[in-house]
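Structure first, then comments.
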Amino acid sequence: MTIKLITIGKTDDKNLKVLIESYTKRLSHYIRFEFEIIPDIKNVKHLSETQQKDKEGELILSKTQKSDIVILLDENGKQMDSVAFSNYLQKHLNSGIKTLMFVIGGPYGFSEAVYKRANGKLGLSQMTFSHQMVRLFFIEQLYRGFTILRNEPYHHR
Ligand SMILES: C[S@@+](CC[C@H](N)C(=O)[O-])C[C@H]1O[C@@H](n2cnc3c(N)ncnc32)[C@H](O)[C@@H]1O
């Protein structure tokens with residue numbers, strides 16, 4: 001199985017970038033992991049929030065294949081602790097699917113079309129994080145999840 005993480009917009013913050021790269025590297029020892037950044041939409045000043053979400057949504061949907069399981073990172077999504085998340089990953093590994101895709105929305109979240117396509121929603125907290133920070137938090141949780149599955153001493157229960 002491949003895990004893909006799709007996000008919108010580059011991170012300019014060097015410290016954040018370094019941490020994301022570090023966890024991406026660690027994670028890739030456990031699973032094929034692809035992290036894709038969709039470039040920011042140009043001339044957003046002329047767009048309403050809904051128009052921006054729709055345009056971002058089209059780009060997100062263009063990255064999906066019919067067979068992908070698409071899970072949106074969303075503050076209203078289902079929340080679970082890290083052990084439950086590791087079991088969730090194992091369930092998908094066992095299911096024989098080719099690609100498990102997670103998506104982080106843009107600054108205003110997701111378009112209706114993206115919600116419609118999604119197979120599920122996952123919440124990290126009821127608090128709202130910036131779309132930049134969520135990348136790091138989520139990649140760390142993926143890494144943590146695999147160390148739990150391997151019984152490695154990263155996660156302390
Ligand atoms: C700034 S937030 C957008 C907030 C917007 N109010 C919304 O309706 O989604 C940008 C993206 O970060 C992600 N995000 C932010 N907080 C999150 C949380 N607590 N759990 C999961 N994802 C989160 C989501 O993918 C969201 O689309």
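The values are calculated or read from the model by the stated rules, or taken from the named source; none is laboratory data. The structure presented is a predicted model; accordingly, all values stated were derived computationally and were not measured. SASA here: full protein model, heavy atoms, side chains in, ligands and nucleic acids out. Shrake-Rupley method; radii C 1.70, N 1.55, O 1.52, S 1.80 Å.
What the table shows:
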read-out	value
Residues of type lysines that Lys14 reaches as a straight line, Cα spacing below 22 Å, ignoring anything fewer than 8 places off in the same chain	Lys25
Proximal lysines relative to Lys45, as straight alpha-carbon distance under 24 Å, when same-chain residues fewer than 8 apart are discounted	Lys10, Lys53, Lys55
Size descriptor, Kirkwood hydrodynamic radius, that averages inverse alpha-carbon separations across the chain, Å	16.1
Potential extension, Tyr154-Lys55 segment - 0.36 nm per residue separation minus Cα distance	31.7 nm
Theoretical ellipticity at 222 nm over the chain - DSSP helices of four or more residues, -39500 (n - 2.57) apiece, nearest 500	-13500 deg cm²/dmol
Segment 58-115: Rg to Rh, with Rh as the Kirkwood radius over Cα pairs	0.99
Carbon and sulfur %, accessible surface of segment 13-157 computed with the full protein complex present, 1.4 Å	49
Surface accessible to a 1.4 Å probe, per residue, for the residues of the chain, Å²	59
Filter on Lys4/Lys63; Lys78/Lys98; Lys4/Lys116 - keep pairs with C-alpha separation over 21 Å	Lys78/Lys98
Acute angle (nearest 10 degrees) that the helix 82-94 long axis makes with the longest principal axis of the chain, alpha-carbon atoms	90
Fraction in percent of alpha-carbon pairs per bin - 5 Å, segment 28-85	4, 12, 16, 20, 20, 14, 8, 5, 1
